Amino acid sequence: MEPEAPLLEREPALAALDAALAAVRAGHGRSVVVAGEAGIGKTRLLQAVQHGAGDVQWLGAACDPLLTPRPLGPLVDLSARLPPALGEAVHAARTYNGLFPALADWLARTRPPVVLALEDLHWADEATLDAVRYLGRRIAGLPALLLLTRRDDEPSPALARTLAQLDPLATLQVDLR
């Protein structure tokens, strides 16, 4: 995916994401939360990172602003790009009894490393937040990048609780202004 034009005034954010990718390539998983108001350029930043990411497998999806959010919506959208058994587990929503451990195991074994980019987490359903929480608590031991975007002007107590439970030593917050 070719970026439209160079990003302006995003050097610190790009450097932070490049450092997270370098750690992942070295086998040290990371979570990065990119936050900012609507329209500030979170998606554009991810596109620039994806364009320059090189030797990673990029899996990107977004949560939708539905009145009744789909359980595991972004993972369902990605299911065709996952191994068949894992895709079936996503569709069956076998969250705690198979899906989350299987997803973590797949991330641990997959080469090149995976970037799991989930956008608009402020609209996520509870099962997706549980998946983020499960992976985010274990991310340091997985050679993967959990790349999350959220609006900081849309309060979500469930999202705040989820982000507070990510591994603090392997999580970075990037605030766009």
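The values are calculated or read from the model by the stated rules, or taken from the named source; none is laboratory data. None of the values given here were measured: they were computed from a predicted structure. Virtual Cβ from ideal backbone geometry, glycine too; neighbours counted across all protein chains shown. Keep in mind that these areas ignore ligands, DNA and RNA; they rest on the heavy atoms of the full protein, side chains included. Shrake-Rupley method; radii C 1.70, N 1.55, O 1.52, S 1.80 Å.
A Gaussian network model of the chain, with springs between Cα atoms under 10 Å, assigns the largest mean-square fluctuation among His122, His91, His51 to His51.
Treating r as the C-beta distance of Ala92 and Ser156 and R0 as 22 Å, the FRET efficiency rounds to 0.25. Taking amide H atoms as placed 1.01 Å from N in the peptide plane, the amide H of Val174 lies under 5 Å from those of Val33, Val34, Ala35, each 5 or more residues away in sequence or on another chain. Protein heavy-atom surface of the range 36-110, 1.4 angstrom probe: 55% of the accessible area is carbon and sulfur, with nucleic acids and ligands not counted.
Just to be sure I understand, if you calculate Cα extents along the principal axes in Å for this structure, which of (i) 44, 37, 31; (ii) 49, 38, 34; (iii) 71, 40, 32 do you get? Here the calculated entry is (i). Among the trypsin sites (Lys or Arg not before Pro) found in the range 58-130, those both in a DSSP coil and sparsely packed, with 15 or fewer other Cβ atoms within 10 Å of their Cβ, are Arg94. From Cα pairs below 8 angstrom and at least 6 apart in sequence, can you work out the relative contact order of the chain, rounded to a whole percent? Taking the mean separation of contacting Cα pairs over the length of the chain, I get 36 percent. Near the amide H of Ala117, within less than 5 Å, lie the amide hydrogens of Leu59, Gly60, Ala61, Leu147, all on another chain or at least 5 residues away, with H placed in the peptide plane.
The charge dipole of the chain, taken about its Cα centre with unit charges on the Cβ of Lys, Arg, Asp and Glu (plus for the first two, minus for the last two), comes to roughly 580 debye. Highest GNM mean-square fluctuation, the chain, Cα pairs closer than 10 Å: which of Gly41, Gly60, Gly98? With Cα springs under 10 Å in the chain, the top fluctuation among Gly41, Gly60, Gly98 is at Gly98. Between Gly136, Gly52, Gly87, the GNM of the chain built on Cα springs shorter than 10 angstrom shows Gly52 fluctuating the most.
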